[in-house]
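Have a look at the structure below, then the notes.
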Amino acid sequence: MLMKSRIFPHPPGPTKGTSLLLVLLLALLASCAMTSEETAEAPEVLIWPSPPDLPRFAYETTLRSAADIALNSEDMALRRQLTGEVPNTSPGMAKPYGVAARSGKIYVTDSVARNVAVFDARRNKLFYMGVQKPGDLTKPSGIALDKAMNVYVADVTAQKVNVYDTLGLYLRSIGSKEDLERPTGVAVSAEGDRIYVIDRSYNESMNQRVVVYNAEGKKLFTIGERGTGDGQFNVPVQGAVGPDGTLYILDAGNFRVQAFDRDGKFLRAWGKVGNNIGDFARPRGIAVDEEGNVYVSDATFSNVQLFNPQGQLLMIIGSQSDTDKRGRFNLPGGVAVDETGRLYVADQFFNKIEVIRRLKQEEGERLLKESGK
């Protein structure tokens, strides 16, 4: 059996237990049948890692428009039969970047449309937040959730973080022009009592740092300044908080990830510039799952690298493509992992969110057996 807590149910057709296997096996068979002339570009990959390694993740779906949510709805299927109504397939995003996901809702910041697109998979709806005063957005970038499903959005131009409830009702703002220069990212503790605002600032500024606030928006302290030493930053862009409260900052200009405790004490760092696996070239997004594993997207490699909490590379998900295919990227940005282990990757070139599902042990073993490798 596949996961019962499926957020994106399959449309009518093969049974749930066979549909994913059928798609994956067809892809594998197709790749085996290719001639040398047909392999100018690598075949579509739907599972990671590929056999003979045990698969751990599988492509699930792609989000672009309201249709990608509505098409899987039984209610919409009935409405189509009765009225001929067709779901809206117009693009739901202009330039997606930051992603946050939990409880069946996927929040995506859009710096061109100046809003947050919300794919509500359980209600089969796409709606928008951050469009009405006083909570309107100017250039939304990073986004985060606390366990109460409050939504925190870093606004680069407005130099603050807006806070909304799960349905998009504006609650308050955190930070000001006196504290922040160019806030590109935000991370928040589960309880919402520590809000970490990543201030990328300007290239010549020493204020490349993390500014920390409490739940009421009171500034508590700052972490770091511009530099290359432990606890210093060079173009910090995004951050994420692990299940143990560890803060991970993507220090893009230093090509590394830095880890801090909840009070800003430096713990460790990993990463370097390079072209080898585990290196960074243009890191852009970071997320942490409920086991503490760290996911980092890279726009040059067009993939997501998965590390354990100590920085050991575990695997790579996705690959580069100039054509839009499932599991392939050209300009990945923000990443997120929800409580089910699903990975969400924003691609700005293909204007999409890829949803990649984490497999249970028995699913991976069955797929490996069915592949014959």
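The values are calculated or read from the model by the stated rules, or taken from the named source; none is laboratory data. Given the structure is predicted, the values throughout are model-derived calculations rather than measurements. For neighbour counting, all protein chains shown are included, and Cβ atoms are generated from backbone atoms with ideal geometry for every residue, glycine included. All accessible areas refer to the heavy atoms of the entire protein, side chains included, with ligands and DNA or RNA removed. Shrake-Rupley method; radii C 1.70, N 1.55, O 1.52, S 1.80 Å.
Quick check on Arg256: is it closer than 14 Å to Gln232 by Cβ and of a type outside the set (Phe, Trp, Tyr)?
Judged against the criteria, Arg256 is a match.
Which of the residues belonging to the range 214-250 are charged (D, E, K, R) and buried (at least 21 other Cβ atoms within 10 Å of the Cβ)?
Result: no residue meets the conditions.
Consider Val211 carefully, then state whether it is in contact (Cβ under 8 Å) with a residue 24 or more places away in the chain, surrounded by 17 or more Cβ atoms within 10 Å (Cβ to Cβ) and more than 18 Å from Arg284 (Cα to Cα).
yes
Can you tell me which of Glu191, Glu178 is open to solvent by 30 Å² or more (accessible area, probe 1.4 Å), free of Cβ contacts under 8 Å to residues at least 12 places away in the same chain and assigned to a loop (DSSP other than H, G, I, E, B)?
Exactly one residue qualifies, and that residue is Glu178.
Among the strands (runs of 3 or more DSSP E) confined wholly to the range 286-373, which include 3 or more residues that are open to solvent by less than 20 Å² (accessible area, probe 1.4 Å) and closer than 19 Å to Tyr248 by Cβ?
The qualifying strands (runs of 3 or more DSSP E) are 294-298, 303-307, 332-337, 343-347.
Considering only residues that are at pLDDT 95 or above, among the aliphatic types (A, V, I, L, M), under 22 Å from the mean Cα position of the chain (by Cα) and not in a strand (DSSP E or B), which ones fall in the range 155-175?
Val156
Which is among the small types (Gly, Ala, Ser) and either modelled with pLDDT under 95 or closer than 20 Å to Val153 by Cβ (or both), of Gly239, Gly245?
On inspection, the qualifying residue turns out to be Gly239.
For the structure I just gave you, tell me whether Ala190 is closer than 28 Å to Arg342 by Cα and in contact with a Phe, Trp or Tyr (Cβ under 6 Å, 6 or more places away or on another chain).
No: the conditions fail for Ala190.
Return only the number of the condition from (1) open to solvent by 40 Å² or more (accessible area, probe 1.4 Å); (2) at pLDDT 95 or above; (3) farther than 19 Å from Gly98 by Cα that Asn203 does not satisfy.
Against the list (1) open to solvent by 40 Å² or more (accessible area, probe 1.4 Å); (2) at pLDDT 95 or above; (3) farther than 19 Å from Gly98 by Cα, Asn203 comes up short only on (2).
Of all residues in the range 242-285, how many are closer than 23 Å to Phe349 by Cα, part of a strand (DSSP E or B) and among the basic types (Lys, Arg)?
Result for the range 242-285: 1.
If I filter the range 100-127 down to residues being touching a residue at least 40 places away in the same chain (Cβ under 8 Å) and of a type in the set (D, E, K, R), which single residue comes out as surrounded by the most Cβ atoms within 10 Å (Cβ to Cβ)?
Checking each candidate, the answer is Lys105.
Are any residues in the range 95-112 assigned to a strand (DSSP E or B) and not polar (S, T, N, Q), and if so, which ones?
Answer for the range 95-112, where residues must be assigned to a strand (DSSP E or B) and not polar (S, T, N, Q): Pro96, Tyr97, Gly98, Val99, Ala100, Ala101, Arg102, Lys105, Ile106, Tyr107, Val108, Asp110.
For the range 118-130, which positions are more than 17 Å from Gln159 (Cα to Cα) and assigned to a loop (DSSP other than H, G, I, E, B)?
Correct list: Ala121, Arg122, Arg123, Asn124.
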